[in-house]
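Asker: This is the structure, below, for whatever I ask next.
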Ligand code: PHE
């Protein structure tokens, strides 16, 4: 099964940086704060944390395990582990989800690049909130602007991916993730030292349990899936590049903790500023594109902080998009026997075409967004844990978890979670999002 000279991650830090790079993305810095804002703050955060630990970590571990055991892309993995069975359809669904997610993700990433440019050329400073709204709608729907920045972003993504795992994805993740961390810490320091910041921290950390409704609970689970990059084969693909000597359990925990820490730090960077300037926390998706620039323009050092904030968004988006592209490239090279370079440009080209449709047609944008995050990811996650829990033999699971030579003391707990807890929880979210049940 082992393909001798297969490309792979060279170091433990590289594994964590790449996988955390995938998880930490627009989902953390753009989506998480506004979802927390819309769902009442602290109480949502607690539920979210519970889901990350109880479901996110086990699903991630299952994915890593499938990848490393099979040494294949997400489609080939099921062929190797369950030959002649229809499980490979989950792999195909993952490849399809990668196409869908990256095509709308690259559009939002294009906006973040344009905002980086606007911040750099000082075009966001001292403009009114009406003008900021206008800028946002021009960025979204201008004639050439959304296309130009999206294409540049996809080209950067493809450039990294075509260079391979060790010399591309690992190298850039090791460089970019520490930069991202430094930026977010700087932003947090600025935010909490604003006058009136404590109200924002209280909103984020003091749970008001009356705000917990079944809907809030389900939102939290959906956010956990998207934010941790679960359910479509990113973690399985990366898992296939991890050496046998590494502990998959530790990897899953470190990546999940990093992702959660960055989400919380984003909250700490954003809410104190939002409250200090007397703005509604539930501003929705425009929070980082309209609300924050307004705050930066009133802040001492605003030019600098606006610039590094949008740099942070671009970096976060880039290390996530490379993981999405890699899912497809691994499939093209291993199953369709294409060369890496050709596979990369072909996949990136196709995704850019789909992205163009998303950039100009908000119905398609929303369709891709909703279908992938609300249907494909939970469905994929459900089948992945069911596959590992009920289909793949317990001996195989155990030996893969203990391939680093240490006893996996969490083994039985892990089995209970992936056999029962996780599938049931995912099924509830899934049914709710399809509208088949309504809490
Ligand atoms: N986790 C990424 C984010 O938070 C998005 C993503 C989802 C990436 C699924 C890969 C797969 O932005």
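We did not get these values from a lab; they are worked out from the coordinates using the rules stated. Just so you know, these numbers come straight off a predicted model, no measurement behind them. Don't worry about glycine lacking a Cβ; one is built from the backbone with ideal geometry, like all the others, and counts go over all protein chains shown.
Asker: Hey, in the GNM for the chain with a 10 angstrom Cα cutoff, which one of 144, 390, 30 fluctuates hardest?
Answerer: 144
Asker: Return an integer: the convex hull volume of the alpha-carbon atoms of segment 330-376, in Å³ per residue. Kindly include the intermediate steps, with their values, before the conclusion.
Answerer: Details: hull volume 3.4 nm³, N = 47.
Once divided by residue count, the hull of segment 330-376 is 72 Å³.
Asker: Measure nothing fancy, just the Cα-based angle from helix 302-335's long axis to the longest principal axis of the chain, in degrees from 0 to 90, nearest 10.
Answerer: So the inclination is approximately 20 degrees.
Asker: Which value at 222 nm does the chain reach when only helices count, each DSSP H run of 4 or more adding -39,500 (n - 2.57), with the total divided by all residues and rounded to the nearest 500 deg cm²/dmol?
Answerer: Using -39500 (n - 2.57) per qualifying helix, the result is -22500 deg cm²/dmol.
Asker: Sort 376, 221 so the one with the fewest other Cβ atoms within 10 Å of its own Cβ comes first.
Answerer: Final ranking by Cβ density, sparse to dense: 376, 221.
Asker: Let me ask something else about it. Highest GNM mean-square fluctuation, the chain, Cα pairs closer than 10 Å: which of 225, 360, 209?
Answerer: 209
Asker: Here is a further query. So what are the three principal axis dimensions of the chain from its Cα atoms, in whole Å, longest to shortest?
Answerer: Principal axes ranked by extent give 61, 49, 41 Å for the Cα atoms.
Asker: Could you give me the percent of Cα pairs per 10 Å distance bin for segment 192-304, shortest bin first, beginning at zero and ending with the bin that holds the maximum distance?
Answerer: 11, 32, 29, 19, 8, 0
Asker: With angles folded into 0 to 90 degrees, how steeply does helix 57-70 sit against the dominant principal axis of the chain? Use alpha carbons for both and round to 10.
Answerer: Result, in degrees: 50.
Asker: Ranking 304, 104 by Cβ neighbours within 10 Å, fewest first, what do you get?
Answerer: Numbers: 304 14, 104 24.
Fewest-to-most Cβ neighbours within 10 Å comes out as 304, 104.
Asker: Can you tell me how segment 134-231 classifies by the Cα gyration tensor, rounded, prolate or oblate, using a/c under 1.5 as the rounded cut?
Answerer: Working: a/c = 1.62, a/b = 1.54, b/c = 1.05.
Judged from the Cα gyration tensor, segment 134-231 comes out prolate (a/c at least 1.5, a/b above b/c).
Asker: With springs only between Cα atoms under 10 Å apart, run a GNM on the chain and tell me which of 135, 396, 262 wobbles the most.
Answerer: In the Gaussian network model the winner is 396.
Asker: Which of 57, 147 has the fewest other C-beta atoms within 10 Å, and how do the rest follow up to the most?
Answerer: The fewest-first ordering by Cβ neighbours comes to 147, 57.
Asker: Rounded to two decimal places and with Rh computed the Kirkwood way over Cα pairs, what is Rg over Rh for segment 75-206?
Answerer: With Rh from the inverse mean 1/r over Cα pairs, Rg/Rh is 1.10.
Asker: While we're looking at this one, here's another question. Take the alpha carbon gyration tensor of segment 246-399, find the square roots of its eigenvalues, order them as a ≥ b ≥ c, and report rounded if a/c is under 1.5; if not, report prolate when a/b exceeds b/c, else oblate.
Answerer: Here segment 246-399 falls in the prolate category.
Asker: Using the Kirkwood radius over C-alpha pairs as Rh, can you work out the diffusion coefficient of segment 389-439 via Stokes-Einstein at 10 °C, viscosity 1.306 mPa s, in µm² per second?
Answerer: Rounded, D is 125 µm²/s.
Asker: Another one. By the gyration tensor of its Cα atoms, with a ≥ b ≥ c the square roots of the eigenvalues, what is the shape of segment 327-439: rounded for a/c under 1.5, prolate for a/b over b/c, or oblate?
Answerer: oblate
Asker: Also, I was wondering about something else. Going by alpha carbons, how many degrees (0 to 90, nearest 10) lie between the helix axis of 422-434 and the longest principal axis of the chain?
Answerer: 50
Asker: Another question about this same structure. Provide Rg over Rh for segment 1-131; use the alpha carbon set for both Rg and the Kirkwood Rh (inverse mean inverse pair distance).
Answerer: In segment 1-131, Rg relative to Rh is 1.07.
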